[in-house]
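Written below as structure tokens is the structure these notes are about.
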Ligand SMILES: Cc1ncc(COP(=O)(O)O)c(C=O)c1O
């Protein structure tokens, strides 16, 4: 053995030559998240998973054997999910976060060069996974104030013969919700599989769940990562026509949801009142926060139906504002200013009332309150 490190391997050139160029051209999905007193950068719940449910989950996890594989698709859990989301158990897939179900859905639909039409900007994983899977990603700019331009999305999907259309509502990172009737139109006027990513729908905007009975080209994604504070456990679901769900399941790994997460999801579904309370609190905090934010000079605040808000810094570079919030006030927000359409933009998750008060005070001082 010549040594313990990869020095002398020419930066991995031989191995890299075997990686698909379309993958190497993509930026990785990573996040540098420095520790901060107020963490408002990932649209998580500001509250931990409910402590009383933690106790139930821990007791259950102590009781069950760990040497056994988890159930593939626990029938009782699927039944409860079906009740909550108003769909059939055999049309529901559970995933290791909804991210896994985005991947599985794209994996079973995309062949080489197949087009995926999506709004721009939107959740970055869609572009990355499309490239990894050999598809072709076609971004369609959002309109004024990042509102959905449904006509343009449909025109593009038809022109490109899109195999998949992604509708993320409320859209991350802009907060824009689809206008009523948009999903119906996209289904009617295109031949694409339509992925409605509703990771933030608990907090506002219309849902496409009611359309599942009308089209087998619709896949709706939901997650337990936001409202109920279970991002660390990784649980999401996809809802689709049962025949389509069976095919998407082939794109997932077996045993993808571990026993701890299954126990937690079950506990949440048995205590759904907590979910509603948490959503109500976040929405109330958001509605108190937004008018105060709009009064701060030097920033534009975009409309949002989600548990976050996008702002554009007019009077100072976003990178300076980001650093000052972190260094001087211990507030970590998300710097999303990289793509041109988001120049000088920051995304701020809705935290507790104390968090949003702190943001108002900090931005008021940074921009010089009127
Ligand atoms: C639009 C969108 N979809 C899906 C996800 C992933 O959620 P999960 O934690 O369920 O994988 C996120 C997470 O930020 C998101 O913003």
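The values are calculated or read from the model by the stated rules, or taken from the named source; none is laboratory data. Predicted model, so just to flag it, every value in this text is computed and none were measured. Cβ coordinates were reconstructed from backbone atoms using ideal geometry, including for glycine residues, and neighbour counts include every protein chain displayed.
Brief remarks follow.
- Test: residue in region 179-196 that is within 15 Å of the chain's Cα centre (by Cα) and either under 21 Å from residue 277 (Cα atoms) or within 12 Å of the ligand (Cβ to nearest atom) (or both): yes
- Scanning region 119-140 for residues that are touching a helix residue (DSSP H, G or I) at 6+ places or on another chain (Cβ under 9 Å) and part of a loop (DSSP other than H, G, I, E, B), we see that the one that is farthest from the ligand (Cβ to nearest atom) is 134.
- Considering residues of region 229-238 that are under 16 Å from residue 80 (Cβ atoms) and part of a loop (DSSP other than H, G, I, E, B) only, the residue nearest to the ligand (Cβ to nearest atom): 235
- The single condition among (1) in contact with a helix residue (DSSP H, G or I) (Cβ under 9 Å, 6 or more places away or on another chain); (2) in contact (Cβ under 8 Å) with a residue 24 or more places away in the chain; (3) more than 19 Å from residue 217 (Cβ to Cβ) that residue 82 does not satisfy is (2).
- Boolean, residue 152 is free of Cβ contacts under 8 Å to residues at least 24 places away in the same chain and either in a helix (DSSP H, G or I) or under 18 Å from the mean Cα position of the chain (by Cα) (or both): yes
- Residue match in region 141-148 (condition: assigned to a helix (DSSP H, G or I), touching a residue at least 60 places away in the same chain (Cβ under 8 Å) and out of contact with any helix residue (DSSP H, G or I) (no Cβ under 9 Å at 6 or more places or on another chain)): yes
- Criterion applied to 285, 261, 266 was being in a helix (DSSP H, G or I), surrounded by fewer than 20 Cβ atoms within 10 Å (Cβ to Cβ) and in contact (Cβ under 8 Å) with a residue 12 or more places away in the chain, and the one residue passing it is 266.
- The set of residues in region 294-315 that are part of a loop (DSSP other than H, G, I, E, B) and buried (at least 24 other Cβ atoms within 10 Å of the Cβ) comprises 304, 306, 307.
- Taking region 239-252 as the range and being part of a helix (DSSP H, G or I) and within 16 Å of the ligand (Cβ to nearest atom) as the test, the residues that pass are 248, 251.
- Contact map, region 211-224: first residue more than 12 Å from residue 85 (Cβ to Cβ) and in contact (Cβ under 8 Å) with a residue 60 or more places away in the chain, second residue away from the ligand (no atom under 12 Å from the Cβ) and assigned to a loop (DSSP other than H, G, I, E, B), Cβ cut-off under 7 Å, separation 6 or more or different chains; pairs are 219/240.
- Taken over region 319-370, the residue count meeting the criterion of being part of a helix (DSSP H, G or I) and under 23 Å from residue 170 (Cα atoms) is 7.
- Residue that is nearest to residue 303 (Cα to Cα), among those in region 201-228 that are within 12 Å of the ligand (Cβ to nearest atom) and in contact with a strand residue (DSSP E or B) (Cβ under 8 Å, 6 or more places away or on another chain): 201
- The helices (runs of 4 or more DSSP H) located wholly in region 12-118 that include 2 or more residues which are modelled with pLDDT of 95 or more and within 16 Å of the ligand (Cβ to nearest atom) occupy 75-85, 98-109.
- Residue in region 210-227 that is modelled with pLDDT under 95, within 30 Å of residue 362 (Cα to Cα) and either in a loop (DSSP other than H, G, I, E, B) or over 18 Å from the mean Cα position of the chain (by Cα) (or both) present: yes
- Residue match in region 164-178 (condition: under 24 Å from residue 347 (Cα atoms), surrounded by fewer than 18 Cβ atoms within 10 Å (Cβ to Cβ) and modelled with pLDDT of 95 or more): no
- Close pairs from region 226-239: first more than 15 Å from residue 43 (Cα to Cα), partner part of a loop (DSSP other than H, G, I, E, B) and within 9 Å of the ligand (Cβ to nearest atom), Cβ under 6 Å, at least 6 apart: 235/224; 236/97
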